[in-house]
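Visitor: Please find one structure pasted underneath; my questions will follow.
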Amino acid sequence: MTRPVLPILIAALATAACTSRPTPPPAPPAAAPLEIPPRPAPAADGPVARLRLADALARAGRAHPALRVADARVEAARAAESGAGLLPEPTLEARVESLHPGGADDGRPDALLGASQEFPLGGRLDAERRVARADRERAERTRDAVAARIRAGLRGAFAAALHGEEVVRALEESERLLEEVVRISLARVAAGDATRDEPARAGMELAGRRSETAAARAHRDRARTALAAAMGTPGLRVEALEGSLDEALALPAMDDLSRRLAGSPGYAALRSQVAAARARADLAEAERIPDLRADLFYRRIGEPRGSALDAGLALEIPLFGRARSRAAAARAEAAAAEAEARRAMTEEEARARDAVARLEAAVEARRILDSEVLPRAEEVVALASTRHRAGDLSLVEFLTVRERQVEVRLARLDALREIAAAAAELAALVPPETP
C-alpha cells in the first residue's frame, strides 16, 4: 500500500526547523568601486610641432569622446532596429497534472508538453518597427549635430590659438623696435644730442611691452591647451600652429537664413526627436489592443491510459484602463516634444541671427582697418621713424605714433578673432552651402 507522502514531508521539515540552528546568509560581497579604464594614449598624442586646421579636424573625428558616444548610440539603435517588429518568443511548457501526494488515489498523473505563442494585434509590430526606425534616425541626426558642434568649436578654438600666436608675434616685433629705440637713445645721449631721461623713458616703455608680451604668451599657451581639449585629446601638446587668421576664416553665406536653418543638423535632430515621440505615441495606441495568446499541448493521460491534444486562446481584458493611461501619457509626451522642438528652434534662430550681426560688424571693422586705418598707420610710423632718426621728432612723439600702430594691428587681430568666432558659431547652426 502506498504511504502518504505529503504528511511525511511536512513532519520532516518541521523537525529540521526545530532542531537545527538557522545559518545566517552569507554577507554580500562589498561592491567594488566603479573604475573607468583610462583611455590608452595613442602614439599620435605626442607633441605636434606644426598643427594645421585640417589635421585638427581629422584628429577630432578620430578621437573625440563625444563622437564615440554618438557613434555607439547609433550602433545600439541599429541593433535594436534589426530586432524590432518580430513576433514574441514562444514559450515551451511541460507540467504534470492530477498528482495525489496523499495517496488517496493510485491513478497515474497526466503529463502535458506544449507551447504558447503570443500574437500582437492592432498593428503593434508595425508600430514597433516605426519606433525603432525613428530611434535610429534620431541617433544618426543627433550624431550629425554633435559632429557639427565639435567642428564649429574646434574652428573657434583654432582661431583663438592663432590669434594668440599672432598677438605674441606683433608684441615681439614691437619689443624689438623698442629695443632699437633704446639703443638709438643711448647713442644720442653719448653724442650729446639728448638728455638721459630719453633712454629712461624708452626703457620704461620697453619693460611695459615685455610684460604685455609675457601675458600674451601665457594666453597663447592656454589657447593651445583649449585647442587640444576641443580635439578630444587634452593631453596633446601643440607647439605651434600652421596658418593664419585670414586663411582660417570660413565665412558662410548669410542669405536666406531661415531656409538654411531648416536644413541644419540641429534642426534635423530636433525633428527626429519629435518623430520618435510620435512613433511612441502610435505604439502606445496600438498596445491598447491586447495580445492574443494561443496554447497547444500534448496530454498524456495517466488513467485510463491514452493521449489527447489541448488547445486554447487567451486574451487580456482591458478592464482597468492601464493601456489607455499609457497611451494618453505618450500623446502628452509627443506634444511636449513638439513644443520643446519649437522652443529650441526659436532659440537657435535667435542665436544664428545674433551670430550674423556679429559677423557682419566684425567683417566691416576688418575692412575699414585693412583698407584705411592700417595702411595710414604704417605710413605715419615710417615717416615718424625717419624724422626721429634725423632728430626732428622727439622720442615721446615717436613712441606715441608707434604705440598707435601696435594698437591698430591688435585691433585688426581682434576683428579677425571675432569673425572666426562668429563664423564658427554660425557654422554650428547653419550648414554650409553645397555646390
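Visitor: Which of the three applies to segment 295-435, rounded, prolate or oblate, going by the alpha-carbon gyration tensor with a ≥ b ≥ c and a/c under 1.5 meaning rounded? Don't jump to the answer; show the numbers that get you there.
Guide: Values: a/c = 6.84, a/b = 4.59, b/c = 1.49.
The shape class here is prolate.
Visitor: Using a Förster distance of 35 Å, how high is the FRET efficiency between residue 169 and residue 353, based on the Cβ-Cβ distance and rounded to 0.05?
Guide: Values: r = 35 Å, r/R0 = 0.99.
Calculated transfer efficiency: 0.50.
Visitor: Could I ask something else about it? Relative contact order for segment 139-297 using alpha-carbon pairs under 8 Å, separation at least 6, rounded to a whole percent? Display every interim value, and only then the final one.
Guide: On the way: 91 pairs, mean separation 54.1, N = 159.
Result for segment 139-297 is 34 percent.
Visitor: Find how much the distance from residue 214 to residue 58 grows on full extension, using 0.36 nm per residue of separation minus their present alpha carbon separation; answer in nm with one decimal. Let's see the in-between values first.
Guide: Numbers: separation 156, 0.36 × 156 = 56.16 nm, distance 3.17 nm.
This chain segment gains 53.0 nm when fully extended.
Visitor: On a full-extension model of 0.36 nm per residue, what is the gain between residue 197 and residue 75, subtracting their alpha-carbon distance, rounded to one decimal in nm?
Guide: Taking residue 197 through residue 75 to full extension adds about 36.6 nm, to one decimal.
Visitor: Sticking with this one: So how much slack lies between residue 308 and residue 386, counting 0.36 nm per residue of separation and subtracting their Cα-Cα distance, in nm?
Guide: 16.3 nm
Visitor: If you don't mind, another one. Could you give me the ³J(HN,Hα) list for segment 134-142, computed from phi with Karplus coefficients 6.51, -1.76, 1.60 and θ = phi - 60°, whole Hz, x at Gly and Pro?
Guide: Running phi through 6.51 cos²θ - 1.76 cosθ + 1.60 with θ = phi - 60° gives 5, 5, 5, 5, 5, 5, 5, 5, 5 Hz.
Visitor: Now for a different question. In what sequence, highest mean first, do 269-278, 57-66, 150-159 appear when ranked by Cβ atoms within 10 angstrom?
Guide: 150-159, 269-278, 57-66
Visitor: Now, a different point. To make sure I understand, if each residue's beta carbon is the centre and we count other beta carbons within 10 Å, what order do 119, 398, 320 fall in, fewest to most? Could the numbers behind the result be given before it?
Guide: On the way: 119 13, 398 20, 320 8.
Ascending number of Cβ neighbours within 10 Å: 320, 119, 398.
Visitor: Could you order the peptides 124-136, 305-317 from most to least packed, using the average number of other C-beta atoms within 10 Å per residue?
Guide: Ranking, from highest mean packing down: 124-136, 305-317.
Visitor: Here's something else I'd like to know. For residue 244 and residue 338, what does the FRET efficiency come to when R0 = 45 Å and r is the distance between their Cβ atoms, rounded to the nearest 0.05? Provide the component values of the computation, followed by the final result.
Guide: Details: r = 46 Å, r/R0 = 1.02.
Here the calculated transfer efficiency is 0.50.
Visitor: Tally Lys/Arg at +1 and Asp/Glu at -1 over every other residue whose Cβ is under 12 Å from the Cβ of residue 112; what's the total?
Guide: My count for the surroundings of residue 112 gives -2.
Visitor: Follow-up. Modelling each spin label as a point 7 Å along the Cα-to-Cβ direction, I'd like the residue 183/residue 237 distance in nm, to one decimal.
Guide: So the label points at residue 183 and residue 237 sit 3.3 nm apart.
Visitor: Whole-Hz Karplus ³J(HN,Hα) for segment 364-374, in order, using 6.51 cos²θ - 1.76 cosθ + 1.60 and θ = phi - 60°, x for Gly and Pro?
Guide: Along segment 364-374, the couplings run 5, 4, 5, 4, 5, 5, 6, 8, 10, 6, 5 Hz.
Every number here is computed from the coordinates shown, using simple stated rules; none is lab data. Everything quoted here is computed from the prediction, not taken from an experiment. FYI the Cβ positions are ideal-geometry reconstructions off the backbone, even for glycines, and counts take in every protein chain you see.
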